Amino acid sequence: MTSIRPIRNLALIGFMGTGKSSVGRLVADLLHFTFLDTDHVIEARAGKSIADIFAQDGEPAFRNWERRIVEELALRDKTVISTGGGLPANEKNLASLKKHALVVCLWASAETIYERVRGHDHRPLLNEADPLAKIRSLLTIREPYYRQADVLVNAEIRSVRELAMQVIHQFHMAQAAHR
């Protein structure tokens with residue numbers, strides 16, 4: 001972190017299957033923060049699933065929903081935000097999150113992600129003949145954005161609890177550094 005900024009929230013970014021929702025819920029519970037999953041907010045507001053948004057309206061419509069939600073997040077305090085995997089690939093989304101939140105990227109290999117998400121039919125970006133190749137391709141595209149997080153945490157072999165404790169530690173360190 002190179003600039004002084006308020007750290008009121010915590011944003012988890014990273015590819016699908018890295019544990020953002022599970023870790024985020026536990027972190028929110030332990031910090032007594034609100035938990036917000038951007039994908040769930042989009043589904044509630046759109047009145048349909050992410051898969052249906054992709055199928056009926058297309059990926060650009062989904063990304064527009066993400067952009068609008070991210071703008072609203074700047075008004076929140078004491079919130080753990082779990083983002084969709086592609087959300088930080090929009091530089092404006094990432095910059096907006098960094099204005100009020102410590103941005104933590106949970107990272108895992110393509111193979112680990114594939115093992116965790118295979119068989120999930122609610123992942124529209126993986127409706128491919130070779131989902132592992134698609135994961136590798138998307139990781140390559142998104143990695144430069146993920147690496148812009150304030151903190152990168154390896155989510156390969158740690159338990160949800162271990163990851164949550166690491167995220168909380170990083171959050172407390174960032175808050176102390178900005179007081």
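The values are calculated or read from the model by the stated rules, or taken from the named source; none is laboratory data. Bear in mind the structure is a predicted one, so any value in this text is a computation, not a measurement. When we count neighbours, we look across all protein chains shown, and the Cβ atoms used for this are built from the backbone with ideal geometry, even at glycine. Keep in mind that these areas ignore ligands, DNA and RNA; they rest on the heavy atoms of the full protein, side chains included. Shrake-Rupley method; radii C 1.70, N 1.55, O 1.52, S 1.80 Å.
Determine the share of the range 50-154's accessible area contributed by carbon and sulfur atoms, expressed in whole percent, with a 1.4 angstrom probe. Please report the intermediate quantities before stating the final value.
Values: 2480 of 5140 Å².
So the carbon and sulfur contribution to the accessible surface is 48 percent.
In µm²/s, what is D for the chain at 4 °C and 1.567 mPa s, where D = kT/(6 pi eta Rh) by Stokes-Einstein and Rh is the Kirkwood radius from Cα pairs?
Using the Kirkwood radius from Cα pairs, D works out to 79 µm²/s.
Express the accessible area of the chain per residue in Å², computed with a 1.4 Å probe while the remaining protein chains stay in the model.
On the way: 8880 Å² over 179 residues.
Heavy-atom SASA per residue in the chain reads 50 Å².
Tell me the trypsin sites (Lys or Arg not before Pro) within the range 1-52 that lie in a loop according to DSSP and have at most 15 other beta-carbon atoms within 10 Å. Working shown, then result.
On the way: sites: Arg8, Lys20, Arg25, Arg45, Lys48; in loops: Arg8, Lys48.
Hits after loop and neighbour filter: Lys48.
Rg and Dmax in Å for the range 56-126, alpha carbons only: what are they?
Rg, Dmax (Cα atoms, Å): 13.9, 37.
Which of the peptides 109-117, 127-135 is most tightly packed, and how do the rest follow, judged by the mean count of other Cβ atoms within 10 Å per residue?
Numbers: 109-117: 17.0, 127-135: 14.2.
Highest mean packing first, the order is 109-117, 127-135.
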